[in-house]
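The values are calculated or read from the model by the stated rules, or taken from the named source; none is laboratory data. Everything quoted here is computed from the prediction, not taken from an experiment. Because the Cβ atoms are built from the backbone with ideal geometry, glycine has one as well, and the counts that use them run over all protein chains shown. To get the accessible areas, we keep the full protein, side chains included, count just its heavy atoms, and leave off ligands, DNA and RNA. Shrake-Rupley method; radii C 1.70, N 1.55, O 1.52, S 1.80 Å.
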Amino acid sequence: MSIGIVPSILSADFTRLGEQVREAEAAGCARIQVDVMDGHFVPNITMGPLVVEAVRRSCTVPIEAHLMIVQPERYVADFAQAGADVIIVHLEAAPHLHRLLQQIKGLGKQAGVALNPATPALLLDGVWELLDLVLVMTVNPGFGGQAFIPATLPKLAGLRRLITERGLACDLEVDGGIGPQTIALAAQAGANLAVAGSAVFNQTRAIRENIKQLKDLS
Ligand code: DX5
């Protein structure tokens, strides 16, 4: 079964965001990811709950809010209210991760944790019972169009083994530098979802063709 493609709107044309999100949905994307950045946890500043609301009005597929922000506990309710279905927080920004995941689940949303390239997977040991998704960053977060970091693949494969051995109902997703040259590596290592921004949106070819190519290659 091919990997689910999750276009991230970071690289979309914001003068046509609704149109592009609808094109991605029509092309069979699994979800849409909204890349939230605050200029503190990562150097870039991007978007907030208003954009999640706009994407919610534009499509019916699940929306992931990827919170690349400090103090995510202050904002998870706003993103839940805005229409996010999955709220992904960074382990590195959550000293009270267990409580934060309980907060997200308490809002009736799926809870995800993102791990930066340098963050070991063993740090998840205390929270597996709360996890609906693990997002393995395959770039250092902050910008689209960066190069895939192959050194993250062993972590991805180890997480797939753990999730399978324990029979956990937890998605395993990759994010960063996913394109025609790298998606097969991610799929072979065990990801069942792949976030792709620049490989889907800022290309000369149609969104539909880009998503089909990624699915065919996975
Ligand atoms: C973190 C962002 C990006 C984005 C995907 O920098 O989360 O990874 O979603 O960007 P591409 O697919 O262009 O690497």
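Side notes on the structure shown:
- Residue list for the stretch 132-162, filter: assigned to a loop (DSSP other than H, G, I, E, B), touching a strand residue (DSSP E or B) at 6+ places or on another chain (Cβ under 8 Å) and not hydrophobic (A, V, I, L, M, F, W, C): Asp132, Thr138, Pro141, Gly142, Gly144
- Only one of Glu209, Glu165, Glu173, Glu129 that is charged (D, E, K, R), surrounded by 15 or more Cβ atoms within 10 Å (Cβ to Cβ) and either within 16 Å of the ligand (Cβ to nearest atom) or not in a loop (DSSP other than H, G, I, E, B) (or both): Glu173
- Taking the stretch 182-206 as the range and being more than 14 Å from the chain's Cα centre (by Cα) and open to solvent by 40 Å² or more (accessible area, probe 1.4 Å) as the test, the residues that pass are Leu185, Gln188, Asn202, Gln203, Thr204, Arg205.
- Positions within the stretch 87-126 being assigned to a loop (DSSP other than H, G, I, E, B) and either free of Cβ contacts under 8 Å to residues at least 12 places away in the same chain or of a type outside the set (Val, Ile, Thr) (or both), in sequence order: Ala94, Pro95, His96, Leu107, Gly108, Lys109, Asn116, Pro117, Ala118, Pro120, Asp125, Gly126
- Of all residues in the stretch 18-41, those satisfying the criterion of being farther than 15 Å from Val195 by Cβ and within 15 Å of the ligand (Cβ to nearest atom) are Gln20, Asp38, Gly39, His40, Phe41.
- Residue count for the stretch 57-69 satisfying the condition of being of a type in the set (Val, Ile, Thr), open to solvent by 40 Å² or more (accessible area, probe 1.4 Å) and closer than 30 Å to Pro120 by Cβ: 0.
- The condition (being open to solvent by less than 40 Å² (accessible area, probe 1.4 Å) and either within 17 Å of Leu130 (Cα to Cα) or touching a residue at least 60 places away in the same chain (Cβ under 8 Å) (or both)) is satisfied by just one residue among Ala27, Ala84, Ala54: Ala27.
- For His40, the criteria (1) assigned to a strand (DSSP E or B); (2) surrounded by fewer than 24 Cβ atoms within 10 Å (Cβ to Cβ) hold in every case but one, which is (1).
- Here His96 passes the criteria (1) within 16 Å of Val195 (Cα to Cα); (2) modelled with pLDDT of 95 or more except the one numbered (1).
- Unique residue being over 29 Å from Leu214 (Cα atoms), open to solvent by less than 50 Å² (accessible area, probe 1.4 Å), touching a helix residue (DSSP H, G or I) at 6+ places or on another chain (Cβ under 9 Å) and modelled with pLDDT of 95 or more when the list is Pro117, Pro7, Pro72, Pro49: Pro72
- Of all residues making up the stretch 132-147, the number that are within 16 Å of the chain's Cα centre (by Cα) and either surrounded by fewer than 19 Cβ atoms within 10 Å (Cβ to Cβ) or over 17 Å from His66 (Cβ atoms) (or both): 5
- Enumeration of residues in the stretch 12-24 that are crowded, with 20+ Cβ neighbours inside 10 Å and either touching a residue at least 60 places away in the same chain (Cβ under 8 Å) or closer than 25 Å to Gly190 by Cα (or both): Ala12, Gln20, Glu23, Ala24
- When the criteria are applied in full, Ala82 fails the requirement of being within 18 Å of Leu172 (Cβ to Cβ) and more than 16 Å from the ligand (Cβ to nearest atom).
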